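Chemist: The structure's right below; bear with me while I get my questions together.
Any read-out appearing in this document is the output of simple, stated calculations on the displayed coordinates, not a laboratory observation. These numbers were taken from a predicted model, which means no experiment stands behind them. Because the Cβ atoms are built from the backbone with ideal geometry, glycine has one as well, and the counts that use them run over all protein chains shown.
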Amino acid sequence: MTASANTATAGTAWTNLAKSPVTNDSTGVFNALGFDISSVTVDAHDATGATVYATVMGFGVAHVYRSIDFGAHWLNVSADLPDAPANALLVDPNDANTVYVAMDTGVYVTQAITTCATANCWSVLGTSLPNAPVTALAAGAQLATGDGRRGMLRASTYGRGIWEQPLLTAVSLAQPAIALSPAALTFAAQQQGTVSAAQTVTVTSTGNAPVTFGSPAIAGDFAETDTCAGVTLAVGLTCSFSVSFAPSATGTRTGLLTVYANVSGGQATVTLTGVGTAPASVVLTPGSLMFAATVVNQTSAGQIISVANTGGTAATLQTPVVTGDFGLTASTCGSTLAAGVSCSVQIAFTPTASGTRTGTLTVTDSVGVQTAPLTGVGQAPATDTLAPPTLTFAQQQIGSASAAQQVTLTNSGDVPLTLINAQVSAGDFAVVNGCGASLPGHATCALSVTFVPTATGTRAGTLTVSDEFRSQTVSLTGVGVAPAGVSLSPVALSFAATGVGLVSGAQAVTLTNNGGLVLDVASVAVSAGFAVASSTCGSTLTAGAACVMQVVFAPGSAGAVTGALTLTDNAPGGSQAVALNGTGVDFTLVASGATTATLVSGGTAGYALLLNSVSGLSGSVALACAGQPAHSTCTVAPATGALGASQSVVVTVATGLSGVYGISPGWALLGLPLVLAVRRRWMRGLVMVVVCCGVVGCGAGREIPGSGSGGGTTGTPTPSGSYNLTVTGTAAGVSHSVGLVLVVQ
């Protein structure tokens, strides 16, 4: 380092700052591990050039240092920055208290750099930066932001381009401004180690927009309390600083009060001057006390101020006086204090209101008056507002959980609410504690309650929420209802045998909702071979209601058919079914021999047919013949066929008949066996018609006796021609026919 850069020559001496002390770091040394220094930045707001920042590229070390004495001493201001290399630093051109740091993990910012040495102060700046190290930062105070302001920050990344966003201090055309009166303070000679009476600096908002103040900084042997920090001051209003002088050495002492605000340049300063005189005989140590935040009306731990006589003679003391929200809790001081002897007073803080509270310890002695400023912060106590006082749940199916309802716990105090516990009475309710064991100040949290009824009817319970102060209850009420229920009647349907391709008569299935909730019917499915012909059932069925479905049997093939009518719904189990069964009936009737026969009137013709159906069928097929010519008969044997197997069928046509006039027993005995023989032996190819004709006579020359003791028959010739005969089988409404041809010569 050199402070003579503008006039430096080859012989100019440079100071090595590499091992400068760090006053708030456990290492005690600047960059103790010797990582690369990625940047050194001089704060342009400091006209002296004494305010300097340095960033370090490394892990497990301090990443940002700050010095206000040209690097002779450093402060570690890394605070809560992530443990990653820092690559660059930029002081906001509008506000010396706003600092940006470029790191491998993004861009971070603080608007209170002077507090970073003792408290967390950094936060991530903006969103949407690419996942790449940020290597450099640049500010353009006059660059337009696009929203009526000026001031842009640009960040370059490693391989991912340059990105920009408005500075946190980007200013509008309307500019806040402040005036400080006086602009300089000069203190009278003050005994070394004592604190002077305070002098006031009045700050007036003189711009055309409100002024927002940051945390001030004061350097040198001076201290301040103020009403400005963190305040937004409307135009024309004022706030103030109380500055006291506590010289640490004799001689002229100088300092600087820096007021940070959103004004042009980001700050205003008051120069401070005073003269320290030889130490007084009575010295207060420390010269001021700062108390930790304390809950209103509670008393802090005591802090000690030592009263020492550093002179050569005894001093007389009056009783110490404490003002403000502070009290003297103990004292070892008497009415005299010998030379070289000290005593002590213990002071405690009992805030009467929230916010910053101030007071003074005054010790009047034979030399003069010594004072020590006292400062503390009062915090409002925690609260535990619980709302609403009751929860009412809608009807809920037993055994199922309702949607959650929220109970809100609010802490409007400044300190956390502790020892939070939530539980519900045993039974039908459950709670999820979203608050945990404590709730920060000025925050809310939710307790989620669900209703899980264990029985029908009105159900009641209690939510109990306890904390460090008390227990509160919320009444819980809900109504449990039975789930949607299903009753199907009957549970099985049997259909009469039905011909394939035909539809049976309908049978009714009644659906009843015997539960407590609406039944939602998602689907109704019917197995193949069955169908719902009509239905009064919709997609929902209210509790206690019933509807009817008409089911029919429509077999597509012969044989036994089983299936089910299946409902998918929201009742327990999810589905219900009615068993369905029926038998499909079908058969074939085909000729198994010649389908054309030729004869002369008076002759008999036979045809062979085959009746066939699948095994397992039961029932019968009615067989009939039609289309025979005049004076003839057509008989089918058997007249009723059995289903379930293959069966031979014989069709016999007898011609030349007109009636029976009393046939003699001899004729009857002779003719009957012959006819039966013809019918029995047809399938074997035996043509018994020849035998018959040989006995009773055939052809046109046939003659039937007309008299005799046994009577006789008189025949009427069947007309010659070709005749189409139809043999029809009928079963369960299904009919099949075979066509035959009879030729009469």
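Chemist: Have a look at 446, 619, 212 and report the one farthest towards the positive end of the charge dipole of the chain, computed about the Cα centre with Cβ charges (Lys/Arg +1, Asp/Glu -1).
Modeler: 619
Chemist: Could you tell me the center-to-center distance, by alpha carbons, between the stretch 595-660 and the stretch 125-181 in angstrom?
Modeler: Centre-to-centre distance over Cα atoms comes out at 110 Å.
Chemist: Efficiency by 1/(1 + (r/R0)^6): what FRET value for residue 172 and residue 240, r their Cβ-Cβ distance, R0 = 25 Å, to the nearest 0.05?
Modeler: Numbers: r = 27 Å, r/R0 = 1.07.
Efficiency for this residue pair is about 0.40.
Chemist: Within the set of other residues whose C-beta is less than 14 Å from the C-beta of residue 541, count the net charge using Lys and Arg as +1 and Asp and Glu as -1. Walk me through the intermediate numbers first.
Modeler: Working: positive: none; negative: 520, 569.
Overall, the nearby charge balance is -2.
Chemist: What number, in percent, do you get for the relative contact order of the chain if the mean sequence gap of Cα pairs under 8 Å and at least 6 apart is divided by its residue count? Please list the in-between numbers first.
Modeler: Numbers: 2022 pairs, mean separation 40.9, N = 745.
For the chain, the relative contact order is 5 percent.
Chemist: Next question, about the same structure. What percent does the relative contact order of the stretch 178-277 come to when contacts are Cα pairs within less than 8 Å and at least six residues apart? Kindly include the intermediate steps, with their values, before the conclusion.
Modeler: Details: 264 pairs, mean separation 37.2, N = 100.
That works out to 37 percent.
Chemist: At a 10 angstrom cut-off on C-beta neighbours, averaged per residue, how do the peptides 541-551, 560-570 rank from highest to lowest? Write down the numbers at each step before the final one.
Modeler: Working: 541-551: 15.6, 560-570: 17.8.
In descending order of packing, they fall as 560-570, 541-551.
Chemist: Same structure again: If I take R0 = 30 Å and measure r between the Cβ atoms of residue 290 and residue 470 in this structure, what FRET efficiency does the formula 1/(1 + (r/R0)^6) give, to the nearest 0.05?
Modeler: Working: r = 34 Å, r/R0 = 1.13.
So, using R0 = 30 Å, E works out to roughly 0.35.
Chemist: Could I ask something else about it? May I ask you to evaluate 6.51 cos²θ - 1.76 cosθ + 1.60, the Karplus curve with θ = phi - 60°, for each residue of the stretch 68-84 and list the ³J(HN,Hα) values in order in whole Hz, giving x for glycine and proline?
Modeler: 10, 9, 6, x, 5, 9, 10, 10, 7, 10, 5, 6, 9, 5, x, 7, 8
Chemist: Next up: As a test of the formula, what do you get for the chain when each DSSP H run with n ≥ 4 contributes -39,500 (n - 2.57) and the sum is divided by the residue count, at 222 nm and rounded to the nearest 500 deg cm²/dmol? The partial results should precede the final answer.
Modeler: Details: 2 runs with 25 residues, N = 745.
Helices in the chain give a 222 nm mean residue ellipticity of -1000 deg cm²/dmol.
Chemist: For the stretch 5-172, what does the alpha-carbon gyration tensor say about shape, rounded, prolate or oblate, given a ≥ b ≥ c as the root eigenvalues, a/c under 1.5 as rounded, and a/b over b/c as prolate?
Modeler: Numbers: a/c = 1.70, a/b = 1.37, b/c = 1.25.
Because a/c hits 1.5 or more and a/b exceeds b/c, the stretch 5-172 counts as prolate.
Chemist: What percent do you get for the relative contact order of the stretch 292-374 when only Cα pairs under 8 Å and 6+ apart count? Could the numbers behind the result be given before it?
Modeler: Working: 188 pairs, mean separation 30.7, N = 83.
Relative contact order for the stretch 292-374 comes out at 37 percent.
Chemist: If I model a spin label at residue 200 and residue 299 as a point 7 Å from the Cα along the Cα→Cβ vector, what separation in nanometres do I get?
Modeler: Once both label points are built, they end up 3.3 nm from each other.
Chemist: What shape does the stretch 385-481 take by its C-alpha gyration tensor, where a ≥ b ≥ c are the square roots of the eigenvalues and a/c under 1.5 counts as rounded, a/b above b/c as prolate, and the rest as oblate?
Modeler: Working: a/c = 2.74, a/b = 2.52, b/c = 1.09.
Prolate is the answer for the stretch 385-481, as a/c is 1.5 or above and a/b outweighs b/c.
Chemist: Also, quick follow-up: What is the helix-to-structure angle for 665-681, meaning the angle in degrees between its Cα long axis and the longest Cα principal axis of the chain, kept from 0 to 90 and rounded to the nearest 10?
Modeler: With rounding to tens, the tilt is 40 degrees.
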